[in-house]
Each structure stands twice: as C-alpha cells, then as structure tokens.
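Right, one structure below, let's go through it.
The values are calculated or read from the model by the stated rules, or taken from the named source; none is laboratory data. If you're wondering where the values come from, they're calculated on a predicted model, not measured in any experiment. Cβ coordinates were reconstructed from backbone atoms using ideal geometry, including for glycine residues, and neighbour counts include every protein chain displayed. All accessible areas refer to the heavy atoms of the entire protein, side chains included, with ligands and DNA or RNA removed. Shrake-Rupley method; radii C 1.70, N 1.55, O 1.52, S 1.80 Å.
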Amino acid sequence: EVEDALGQVENSLDSYEKALALKPGSIDLWEGYTRTMAQSGDFEQAIEILEQAKMLSSADVALLRAEVYTAWPGHTRDAEKMLTQLVEDYPLDPRVYVAKGAFLNKQDRKFEAAEVIKKGQEMINEQNRLAAQASN
C-alpha cells in the first residue's frame, strides 16, 4: 500500500504478488492488488487476475470484480448490473448493499444509495441479533 501511495505501481504489484503467494486467501490483498491494477488503467488484467483467486468465496470474487467495473470508465451500466445481481445472489451479505450504495452515491443517486445502505444496515442488525441469541 505504501508503494501504491507513492505511485510505484510496478513495485506495488510485485509486492502484492509476493504477499498473495504467501496468503492466497486474503481478501484484503486481492482487493489491493486489483485496485492497484485498476488505478493504473489495467482493468482487463484486474478482471482476468481474479480467476486466480481460488481461495476466495464466490461472493468475494464477485464483489472485487464489481469494484473494478465501478472504476472502469464506460462500464457504469455493467457495474450497476453486477451490483444488482450481487444483491440478488447474496441478499444476506451486507457488503453487497454497501458496495451498491457506494456506487449509487458516486452516481449522485443519493436517495437510492441511502435506501440500499439502509437495507445493508438492517442485514447487519439482524445478523447481530441472531448472533446474540445464539450466544445466550
């Protein structure tokens, strides 16, 4: 991340590759790796590299793929379709609501964003309630 912040994209990508070789199941590393690729304009490679993310859940890979599309100029419709599909496919995962809400917010669709994020918060509250019940 430091190399990325300093604009040393190649060094950053190399560091992510080395770290992923040691921790292939780290969502944070995959997110940083694909985000760095996307920020450098290599959107297609970012999407392709996610095929190697075998240790991640399908929801994680789909979220990372959607994140790349949200940053990819000219792919706003694709990103929205993917995020809508994520909400349909993973309705119990609050991250999908946060991702879609953030996307809608960036599109200046504030009311829709607030509604989607509210739904995500409801999912978090319900999960917390169920966890508290289970521990009693």
Exercise for the section: Answer yes if at least one residue in segment 57-70 is among the hydroxyl-bearing types (Ser, Thr, Tyr), outside any loop (DSSP other than H, G, I, E, B), open to solvent by less than 60 Å² (accessible area, probe 1.4 Å) and in contact with a helix residue (DSSP H, G or I) (Cβ under 9 Å, 6 or more places away or on another chain), and no otherwise. Expected result: yes
Practice task
Exactly one condition in (1) open to solvent by 60 Å² or more (accessible area, probe 1.4 Å); (2) part of a helix (DSSP H, G or I) is not met by Leu83; state its number.
Solution key: (1)
Completion exercise
Within segment 86-119, residues closer than 19 Å to Ser58 by Cβ and part of a helix (DSSP H, G or I) come out as Leu86, Val87, Glu88, Asp89, Pro94, Arg95, Val96, Tyr97, Val98, Ala99, Lys100
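Filter segment 90-124 down to the residues that are acidic (Asp, Glu) and over 15 Å from the mean Cα position of the chain (by Cα), then identify the one that is surrounded by the fewest Cβ atoms within 10 Å (Cβ to Cβ).
So, considering only residues that are acidic (Asp, Glu) and over 15 Å from the mean Cα position of the chain (by Cα), the one surrounded by the fewest Cβ atoms within 10 Å (Cβ to Cβ) is Asp108.
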